[in-house]
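The values are calculated or read from the model by the stated rules, or taken from the named source; none is laboratory data. Model, not experiment: these values are computed from the prediction. All Cβ positions, even for glycine, are placed from backbone atoms using ideal geometry, and neighbour counts span all protein chains on display. We work out accessible area using only protein heavy atoms, side chains counted, and drop any ligands, DNA or RNA first. Shrake-Rupley method; radii C 1.70, N 1.55, O 1.52, S 1.80 Å.
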Amino acid sequence: MRIDVVSIFPDYLSPLDLSLIGKARQDGLLDVHVHDLRDFTHDRHRTVDDTPYGGGAGMVMKPQPWAEALEHVAAQADPPTTKRPRLVVPGPGGAPFTQALARELAAEPWLAFACGRYEGIDERVYEFAREDLGVDVSVVSLGDYVLNGGEVAVLAIVEAVARLVPGVIGNAESLVEESHEDGLLEYPIYTKPREWRGRSVPEVLLSGNHAAIAQWRHEQRLARTAARRPDLLHPSSVGQDVDVATAVSGDLPELLTVLHAAGRGPTLESLRAELDTGTTWLARRGGRLLGAVRVEADGETLHVTAPALVPDLAGDELARHLLDVAAQSAVSGIRQLVLDDPRPTDARTRTYRRAGYRPTSGYWVKRLSRYE
Ligand code: JD8
């Protein structure tokens with residue numbers, strides 16, 4: 001992958017000479033070029049900024065130096081072709097930079113980054129790049145806080161993208177269970193010594209029981225995500241004020257009511273027994289139980305019950321949401337989710353399909369992408 005960065009502070013990008021990125025450059029996996037915007041000025045003061053039209057505080061970066069710098073970068077295509085870099089311009093008003101966007105950019109052969117300073121870059125430069133240079137321009141933001149310029153953002157974005165380029169990270173396996181890779185935060189990690197200042201390592205991690213370790217790690221990921229980033233667990237608008245948690249014995253009487261209202265007929269005893277053989281996720285809003293879904297692992301299959309919702313709940317979005325939670329609860333080793341609902345309503349059919357389930361020999365089956 002080729003990466004070009006334009007900045008008035010090129011030394012700000014020197015961290016890209018270090019560590020994994022530096023090694024990847026030596027190994028020829030990354031071809032990084034940093035350009036000084038002032039090299040594309042022609043006046044004695046190497047001026048890159050001027051006062052804003054319409055007044056206001058601060059200065060704006062002039063269009064001409066940027067146009068010449070981007071033309072210079074675009075002309076670096078080797079051999080000279082019409083190929084163009086994808087241009088990424090950090091800005092506080094940009095689209096959020098995410099792991100998904102990092103994966104998308106990591107698939108590009110050539111990225112260019114424009115580091116703004118002052119109040120930002122003259123808006124006509126974005127139009128010029130798109131229309132005259134024929135470059136795909138993405139304005140992205142690192143987060144909802146204000147930096148003094150784009151360099152820090154470019155350092156973060158280049159690191160997040162470059163480490164996904166094959167060969168840059170030695171053991172690609174370690175990329176799989178990372179935070180934001182599959183929508184869950186990471187599990188707690190420990191190393192020697194076993195006892196440290198009176199604190200010990202969780203026994204399960206010393207057990208050698210890989211299935212138990214995978215189960216524990218996954219529960220830790222879910223618990224951390226629910227605690228620190230509930231927005232990740234409940235992407236849909238439903239989730240904003242709905243809390244999802246695993247059922248405990250105290251929830252069973254209320255759960256029984258909801259299941260009966262949804263036409264199911266378990267007994268309190270059967271629900272109590274099921275607590276030991278699977279996990280039931282409960283969705284509550286303001287403490288009121290709105291719905292539930294149950295999962296039970298059997299080898300590489302996770303059996304999922306059809307979500308049960310309180311009858312007065314409009315729409316099926318909460319069902320979709322509970323199916324997402326069920327899917328996220330699948331520990332590594334689970335290859336497919338199987339849901340048993342032979343005669344679903346049209347709405348439920350749409351929900352299953354949107355959740356990735358397909359009708360397969362009388363059941364609804366969802367193959368987990370990590371095994372596709
Ligand atoms: C590029 C100039 C400074 C921004 C006046 C402060 C990204 N998440 C982020 N926060 N801030 C930036 C960012 C800030 C930048 C530039 C990115 C170029 N500034 C400006 C507008 C208000 N000053 C960013 N990514």
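With all projection directions averaged, the alpha carbon convex hull of the range 195-345 covers 10.8 nm². Calculated translational diffusion coefficient of the range 1-146 (4 °C, 1.567 mPa s; Stokes-Einstein with Kirkwood radius over alpha-carbon pairs) equals 80 µm²/s. Distances between placed amide hydrogens fall under 5 Å for GLY94 paired with SER141, all partners being 5 or more residues away or on another chain. Taking Lys and Arg as +1 and Asp and Glu as -1, the other residues whose beta-carbon sits under 9 Å from that of ARG86 total -1.
Please determine, in degrees from 0 to 90 and to the nearest 10, the orientation of helix 252-261 with respect to the longest principal axis defined by the Cα atoms of the chain, where the helix direction is its Cα long axis. Long axis of 252-261 versus the principal axis of the chain: about 90 degrees. Between HIS45, HIS35, HIS218, the GNM of the chain built on Cα springs shorter than 10 angstrom shows HIS45 fluctuating the most.
Rg/Rh for the range 65-177 (Cα atoms only, Rh after Kirkwood) is 0.99.
What fraction of the DSSP beta bridges in the chain is antiparallel, stated in percent and rounded to the nearest 5? Bridges in the chain that DSSP calls antiparallel: roughly 55 percent.
Its convex hull of Cα atoms gives the chain a direction-averaged projected area, equal to a quarter of the hull surface, of 26.5 nm².
Across the options LEU339, TRP66, GLY120, the greatest Cα extent toward the positive end of the charge dipole of the chain (unit charges at beta carbon of Lys, Arg, Asp, Glu) belongs to LEU339. Magnitude of the charge dipole for the range 2-162, about its Cα centre and with charges confined to Cβ atoms of Lys, Arg (+1) and Asp, Glu (-1), is about 200 debye.
Count Lys and Arg as plus one, Asp and Glu as minus one, and take only other residues whose Cβ is under 15 Å from that of ALA74; the net charge is then -3.
Here's the picture: charge each Lys and Arg Cβ at +1 and each Asp and Glu Cβ at -1 in the chain, and of LEU268, VAL6, THR82 the one pushed furthest to the positive end of that dipole is LEU268. The helix-based estimate of mean residue ellipticity at 222 nm for the chain, built from -39,500 (n - 2.57) per DSSP H run of four or more residues and divided by its residue count, is -8500 deg cm²/dmol to the nearest 500. Computed over protein heavy atoms with a 1.4 Å probe, the carbon and sulfur contribution to the accessible area of the chain reaches 52%. Can you give me the angle between helix 317-328 and the longest principal axis of the chain, using Cα atoms only, in degrees from 0 to 90, rounded to the nearest 10? Orientation of helix 317-328: about 80 degrees from the principal axis.
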